[in-house]
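The values are calculated or read from the model by the stated rules, or taken from the named source; none is laboratory data. The structure displayed is predicted, hence computed values, not measured ones. As a convention, Cβ positions derive from the backbone with ideal geometry for all residues, glycine included, and neighbour counts pool all protein chains shown. Accessible surface areas use protein heavy atoms only, side chains included; no ligands, DNA or RNA. Shrake-Rupley method; radii C 1.70, N 1.55, O 1.52, S 1.80 Å.
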Amino acid sequence: MSKLPETESCVAHVLSFTSPPEACRLSLISRTFNEASKSDTVWNRFLPADYQSIVSRSSDSSLLSSRLPKKHIFLSLCDNPILIDDGKMSFALDKWSGKKCYMISARHLMIVWGDTPAYWRWISVPGSRFTEVAELKAVCWFEIRGKINTSMLSPRTLYKAYLVFKLTAGSYGNGFEDRPVEGIVGLVESGSSKRTIYLDNRIRRHNIDEASVASREDSGNYPKIRGDRWLEIELGEFLNEEGDSGELEISVLEVKRLNWKRGLIVEGIEIRPASGI
């Protein structure tokens with residue numbers, strides 16, 4: 001192979017048809033593969049074609065520098081979501097596929113009674129990517145909705161939507177324990193899918209064994225702790241086929257029992273590719 005003309009550029013061209021993890025693994029084969037795996041030819045292929053347009057909607061233009069290696073830009077967008085559209089939304093890349101991920105901030109969601117101080121209040125908390133998050137003080141009618149245009153998402157990709165939130169200290173007895181909540185995801189004009197979820201996975205009965213607790217947490221219907229220490233719960237999924245323009249609506253609500261609910265801090269709704277897609 002070393003006798004081939006411009007071997008490194010040939011290898012880089014081949015690597016550009018793999019995936020980010022595969023390119024990193026193949027870099028271990030030899031020095032030629034290692035150098036080729038760093039090439040802009042490879043990582044420019046992994047970046048979305050419109051990433052510059054998206055990054056330009058951020059107040060930080062450092063990632064638009066032509067001097068930055070494309071691999072650096074890719075990894076930065078994977079590890080450090082950027083705020084776009086005046087902080088209403090965050091943008092990142094999935095490190096396994098390079099596909100687009102977004103989080104709609106709480107301030108950009110439609111929260112019923114969200115601007116009524118008796119029911120919700122807007123606060124800043126350490127560890128949030130947004131300047132404001134919504135704290136639930138007390139409501140009977142719990143309804144949160146968000147929308148995103150499907151043209152913003154990567155085509156031919158199965159996406160999942162998650163509510164990202166925290167339970168406040170001392171919020172046991174918050175009205176969410178063992179109370180089913182509805183997650184809804186789908187196009188506005190063509191119907192939605194629904195799933196039953198629970199926003200509080202704490203168990204009131206102390207005689208339940210650890211296996212039952214683990215089974216509950218692994219079921220997918222209860223919150224899990226994220227790497228950033230927030231909780232998330234899957235609301236549903238959506239297959240973005242060709243990325244044609246349409247409006248995807250994501251909702252989480254409990255409007256049937258009308259008991260008092262409290263003790264929740266909402267950071268936003270995240271839309272990201274399903275694992276392995």
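Has the range 129-151 got at least one residue that is touching a strand residue (DSSP E or B) at 6+ places or on another chain (Cβ under 8 Å), of a type in the set (Gly, Ala, Ser), in a loop (DSSP other than H, G, I, E, B) and more than 19 Å from Val255 (Cβ to Cβ)? For the range 129-151, residues touching a strand residue (DSSP E or B) at 6+ places or on another chain (Cβ under 8 Å), of a type in the set (Gly, Ala, Ser), in a loop (DSSP other than H, G, I, E, B) and more than 19 Å from Val255 (Cβ to Cβ): absent. Within the range 211-226, identify whether any single residue is loosely packed, with under 13 Cβ neighbours inside 10 Å, at pLDDT 90 or above and over 18 Å from Leu163 (Cβ atoms), and answer yes or no. Scanning the range 211-226, I find no residue that is loosely packed, with under 13 Cβ neighbours inside 10 Å, at pLDDT 90 or above and over 18 Å from Leu163 (Cβ atoms), so the answer is no. Of all residues assigned to the range 158-167, none qualifies as being part of a loop (DSSP other than H, G, I, E, B), closer than 20 Å to Lys224 by Cβ and not acidic (Asp, Glu).
For the range 86-108, a residue qualifies if it is in a loop (DSSP other than H, G, I, E, B), more than 30 Å from Pro21 (Cβ to Cβ) and open to solvent by 40 Å² or more (accessible area, probe 1.4 Å), and the qualifying residues are Asp86, Lys88.
Conditions tested, residue by residue: (1) in contact with a strand residue (DSSP E or B) (Cβ under 7 Å, 6 or more places away or on another chain); (2) assigned to a loop (DSSP other than H, G, I, E, B); (3) of a type outside the set (Lys, Arg); (4) open to solvent by less than 50 Å² (accessible area, probe 1.4 Å).
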| position | (1), (2), (3), (4) |
| --- | --- |
| Phe17 | no, yes, yes, no |
| Ala23 | no, no, yes, yes |
| Thr41 | no, no, yes, no |
| Arg45 | no, no, no, no |
| Pro48 | yes, yes, yes, yes |
| Leu75 | no, no, yes, no |
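Starting from the range 98-112, take each residue that is closer than 13 Å to Phe165 by Cα and list its partners that are among the acidic types (Asp, Glu) and surrounded by fewer than 20 Cβ atoms within 10 Å (Cβ to Cβ), counting only C-beta distances under 9 angstrom and pairs at least six apart or across chains. Within 9 Å, the pairs are Ser105/Glu132; Ala106/Glu132. Cβ separations smaller than 8 Å between residues 6+ apart or across chains give the following pairs from the range 29-42 residues that are closer than 12 Å to Ser9 by Cβ to residues that are of a type in the set (Asp, Glu): Thr32/Glu8; Glu35/Glu8; Ala36/Glu8; Ser39/Glu8. Within the range 109-118, the set of residues being buried (at least 19 other Cβ atoms within 10 Å of the Cβ) and of a type outside the set (A, V, I, L, M, F, W, C) comprises just one member, Gly114.
Scanning the range 99-116 for any residue that is at pLDDT below 95, under 18 Å from the mean Cα position of the chain (by Cα) and of a type in the set (D, E, K, R) turns up nothing. Within the range 61-98, can you find the residues that are among the charged types (D, E, K, R) and at positive phi? Those that are among the charged types (D, E, K, R) and at positive phi: Asp85, Asp86.
One residue stands out among those in the range 121-130 that are open to solvent by 70 Å² or more (accessible area, probe 1.4 Å) and farther than 19 Å from Met110 by Cβ: the one that is modelled with the highest pLDDT, which is Ser124. Here is the figure for the range 51-67: residues that are in a loop (DSSP other than H, G, I, E, B), at pLDDT 95 or above and open to solvent by 40 Å² or more (accessible area, probe 1.4 Å) total 2.
Restricting attention to the range 244-277 and to residues that are within 18 Å of Lys100 (Cβ to Cβ), open to solvent by 20 Å² or more (accessible area, probe 1.4 Å) and not acidic (Asp, Glu), the residue that is nearest to the chain's Cα centre (by Cα) turns out to be Arg272.
Within the range 155-170, if we keep just the residues that are among the hydroxyl-bearing types (Ser, Thr, Tyr) and open to solvent by 10 Å² or more (accessible area, probe 1.4 Å), the residue that is nearest to Glu254 (Cα to Cα) turns out to be Tyr162.
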